[in-house]
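The values are calculated or read from the model by the stated rules, or taken from the named source; none is laboratory data. Everything quoted here is computed from the prediction, not taken from an experiment. Cβ coordinates were reconstructed from backbone atoms using ideal geometry, including for glycine residues, and neighbour counts include every protein chain displayed.
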């Protein structure tokens with residue numbers, strides 16, 4: 001599965017305004033909840049409950065908040081970029097700049113794990129991360145992801 005198969009341009013933030021974990025999740029959930037036809041607070045709660053189990057800030061400036069939601073019809077994915085970085089309680093203790101937010105239907109374990117693995121795999125590429133952070137607009141972000149998706 002390619003990222004662009006599921007990432008809608010309306011769920012891309014090239015300049016997140018939030019300064020903390022809860023704020024980032026709240027900001028990114030807004031268009032995703034609308035697209036999925038679920039309540040904003042329900043979606044945010046699922047993600048924050050997952051964060052209480054352990055931070056999804058995986059280090060290297062990357063966070064992948066994710067969760068499963070009962071009744072969701074198909075997976076939803078968002079991307080957020082923060083130039084200044086956010087304290088996301090990352091495992092390396094450093095600010096997080098790139099966020100992929102993933103929510104899948106409750107019973108779709110296989111697709112959830114495959115997409116998480118794909119996203120975390122391409123985010124290991126430092127040049128890819130730098131290019132994303134320096135993208136000037138959503139079109140550039142989509143082009144960068146397309147190139148990486150095609151190479152994977």
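Before we move on, is residue 115 touching a residue at least 60 places away in the same chain (Cβ under 8 Å) and not in a strand (DSSP E or B)?
yes
Just to check your reading of the model, which residue among 25, 76, 14 is under 23 Å from residue 126 (Cβ atoms) and buried (at least 17 other Cβ atoms within 10 Å of the Cβ)?
14
Working only within the stretch 68-97, note down all residues that are on the phi > 0 side of the Ramachandran plot and part of a strand (DSSP E or B).
Result: 85, single match.
Go through the stretch 9-22 and give me each residue that's free of Cβ contacts under 8 Å to residues at least 60 places away in the same chain and either in contact with a helix residue (DSSP H, G or I) (Cβ under 6 Å, 6 or more places away or on another chain) or over 22 Å from residue 136 (Cα atoms) (or both).
10, 22
Is it the case that the stretch 31-43 has a residue that's surrounded by 14 or more Cβ atoms within 10 Å (Cβ to Cβ), more than 26 Å from residue 125 (Cα to Cα) and under 12 Å from the mean Cα position of the chain (by Cα)?
So far as the stretch 31-43 goes, yes, one or more of its residues are surrounded by 14 or more Cβ atoms within 10 Å (Cβ to Cβ), more than 26 Å from residue 125 (Cα to Cα) and under 12 Å from the mean Cα position of the chain (by Cα).
For the stretch 98-112, which positions are outside any loop (DSSP other than H, G, I, E, B) and at pLDDT below 85?
Residues satisfying the conditions are 109, 110, 111, 112.
Just to verify a result, which residue in the stretch 118-144, among those that are touching a residue at least 40 places away in the same chain (Cβ under 8 Å) and over 17 Å from residue 82 (Cα atoms), is surrounded by the most Cβ atoms within 10 Å (Cβ to Cβ)?
Only one residue tops the list, namely 119.
Hey, any hits in the stretch 9-20 for a residue that's part of a helix (DSSP H, G or I) and farther than 30 Å from residue 151 by Cβ?
The answer is no, given that none of the residues of the stretch 9-20 is part of a helix (DSSP H, G or I) and farther than 30 Å from residue 151 by Cβ.
Could you check the stretch 134-152 and list, in sequence order, the residues that are within 17 Å of residue 2 (Cα to Cα) and touching a strand residue (DSSP E or B) at 6+ places or on another chain (Cβ under 8 Å)?
Listed by number, the residues that qualify are 141, 142, 145.
Name every residue in the stretch 23-62 that is in contact with a strand residue (DSSP E or B) (Cβ under 8 Å, 6 or more places away or on another chain), in contact (Cβ under 8 Å) with a residue 40 or more places away in the chain and part of a strand (DSSP E or B), in order of residue number.
Of everything in the stretch 23-62, just one residue is in contact with a strand residue (DSSP E or B) (Cβ under 8 Å, 6 or more places away or on another chain), in contact (Cβ under 8 Å) with a residue 40 or more places away in the chain and part of a strand (DSSP E or B), namely 62.
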